[in-house]
1. Just to confirm the filter: which chymotrypsin sites (Phe, Trp or Tyr not before Pro) across the range 498-594 are DSSP coil and have at most 13 other Cβ within 10 angstrom of their Cβ?
2. What distance in nm lies between label points placed 7 Å from Cα along the C-beta direction at Asn6 and Leu275?
3. Pairs Lys323/Lys618; Lys182/Lys572; Lys575/Lys618: which exceed 32 Å Cα-Cα?
4. Any idea how many Lys pairs in the range 452-564 come in under 13 angstrom at the alpha carbon, given 8 or more places apart or on separate chains?
5. Report the full-extension gain for the segment Asp171 to Met627: residue separation times 0.36 nm, less the Cα-Cα distance, to one decimal in nm.
6. Given a Förster radius of 45 Å and the C-beta distance between Asp358 and Arg498 as r, what FRET efficiency does 1/(1 + (r/R0)^6) yield to the nearest 0.05?
7. Please list 3J(HN,Hα) in residue order for the range 535-545, calculated via the Karplus relation 6.51 cos²θ - 1.76 cosθ + 1.60 where θ = phi - 60°; whole Hz, with x for glycine and proline.
8. Hey, can you grab everything whose amide H is under 5 Å from the amide H of Phe3? Only 5+ residues off in sequence or another chain; H modelled, so Pro and N-termini drop out.
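The values are calculated or read from the model by the stated rules, or taken from the named source; none is laboratory data. Since the structure is predicted, the reported quantities are computational estimates derived from the model, not experimental observations. Heads up, the Cβs are rebuilt from the backbone with ideal geometry, glycines too, and the neighbour counts pull from every protein chain shown. For the accessible areas, the whole protein counts, side chains as well, though only heavy atoms, and no ligand, DNA or RNA atoms are used. Shrake-Rupley method; radii C 1.70, N 1.55, O 1.52, S 1.80 Å.
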Amino acid sequence: MKFCPNCGQSLPDDAGFCGNCGAALPDEPAQSAELSVPPAPAVPAAVAYCPSCGGQVEAGAEFCPNCGAAMPKGGGKGPKAPMSKNAKVGILAAVCAAAVIALAVFLLPKLFSSPAVDFVRIQAEFLAVRALDPIQAALESGTASAPKSFSSDITVSASVDNSQIDEYLEDSSIQLRLDAKKDTVLADGSLNLMGSTVLSGAATYEKGVLGFALPQVDNNYYTLDLAKFIEEQTGEKVDLGTAALPELSVGEWFTLAKDYGGLLSKAVTKDNLTLERGREVRFDQLKGSFKGNVYTFKPKAEDIENMLLKLADKIEEDATLRKLIADSGLSLTGGSLALSRSYGYGYGYDAMDADNIDEMLRDLADEIRDNAEDIADEIKSAKFTWTLATEGRQVRRIEIKAGGMVILGYECSGTESKGIEEVFYTESGYGNVITVEHEYTRKGGDVDGKIEINHGDLRYGKASYERSGKEFDGKLEFGDGYSTYLTASLRGDAKSSRGEFSFTDGYSTTFTGKFSSEGKQVEGEISISDGYETFTYELDVDTGKQSPLGLFYGTYELNVPDTSVSIELEVKEGKSGSTDHIITIRGDEYELSDGMFSRLDITVNATQKSTVKKPSGKKVDITDYDMEELEELFMDIGDQLEDDLNDIMYELYFTYGF
């Protein structure tokens, strides 16, 4: 820091002029002991900037210390510092970036879109919303509660209204214990008479190894490696180590289906698709017209052939498809997903000889490749045409034609709030058109609609539905255009409902039924008649509670016509958290049992979890037995079982009297 020699103001070392008095400063400031204590400087204020050179100046200064220019009056506040060169470049870059982003937002969809892409995408979205997604949701809802395993001890016992017979039945039962998981099954069973086990056996399966034990015959636990045994007997290798109970993965299958449906886009190109914008289109099935965009797809033979070849490649390489087939239990020898050589007229068992999934899918891919050219030529000769018409983002018309006939068509007009009319249609030959007409109005959560199915001038069926708030009402009729075979109705709200139905085969057999529900409690009655006899079936169940065997708690009753016999099933709580399924058969004692009893109660008790264990006998591996050794083993076992069964029958007949 230095000081002004004229007024004593403190100044920066590089100042050329005094900011207080404007005096020019010497290049080398005077160094004087007398000036070692300078006059008291003014207290600096906020920083300002010189309007001439842009340099920094203390607020209140009358002159710029950099160039000597007079500072503007008014407290020495000058304009803000001018932008530096770097700042100007940065702002210009930011403006350019914003412009690029704005252009991208508006132009990228058009740059990366095309009529061919839109043709596939619009219909894929339409199909997903109107069909695939609702069907997938329904199937997933239905399979979500399906058990992935089963484990229960099941005990069957009986009693009658004859004390002499009941004495022998009291401690007699049949027991089955079963624990079945994805790739493991343990099971055993026993026959008990008057407290004694007279016959028992066990069976196991674990990752390709089968086992069994018969304690009444011997103390052995026999095991057999199925894959090794099959290879030794037939020379064919099979992999049973991953064999498991089938599983249905609805979501994965539908995702795969949509993925394969996307292969259609491989056949749609700018050369075989035309787009007409703003065209006036008249409906064929509905009334009126609209102005919109019309896409017309007319594939060439080579386009179809290339698509089929890509389909074959995908099938051959698709790991997801292999996994789903394996999980679904479809990879059994002799069962194949290969196309029939007759293409739709039977399953073509000659193509179902694959030993494993890879071979099956390779066969399928090869068959597609072998027939791709012929299929493509057939499609070309049929003058295949696929038309899509849209109004804005709304699909208004789809029509697929081949051989001069409409294979599938769809038309839609209106809006949901004012009313939608849509129709699906196809030509069945001789100029007849089969149509499914649907009209509905939706406002918020309320909807009102009707459906009609017609074949030419004949009405096959009709339905109506209405939902207002929590209330709903629906009706259905279906027939052949001349007679009505099925009628049904359903109405109710979120808490209760009631419905009825009637079905006839057009001759003498009829099914009629009605039901009502209140919360989870359901009551119903069904009658079946052949014109001579009528069976009636009644139920009163709690759908909120199921037994280990999958039955709802409650009562089920069947009345047999022209007899006094009735059969009732009651499902209720048993001991220790188990469930009793009590089957009661009543009737005249002579009709029911030749005079022995007039009532029979059969109790099937099922636990929530099985206590079954692997057999504890001596393990004997019979995988390497030859056919003679196996025959001898099973002959010995069969003879012993026959003797045991004869003893049981003798005891039942001569000791128990039946």
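1. Working: sites: Phe501, Phe503, Tyr507, Phe511, Phe515, Tyr532, Phe535, Tyr537, Phe552, Tyr553, Tyr556, Tyr590; in loops: Tyr507, Tyr532.
Passing both the DSSP loop test and the Cβ count: Tyr507, Tyr532.
2. Result for the modelled spin labels: 7.7 nm.
3. Pairs exceeding the cut-off: Lys323/Lys618; Lys575/Lys618.
4. Numbers: Lys462/Lys475; Lys470/Lys495; Lys495/Lys520; Lys520/Lys545.
Counting lysine pairs in the range 452-564 gives 4.
5. Details: separation 456, 0.36 × 456 = 164.16 nm, distance 4.19 nm.
Separation in residues times 0.36 nm, less the Cα-Cα distance, equals 160.0 nm.
6. Working: r = 54 Å, r/R0 = 1.20.
Working from the Cβ atoms, E equals 0.25.
7. Values, residue by residue: 8, 10, 10, 10, 9, 8, 10, 10, 6, x, 9 Hz.
8. Leu11
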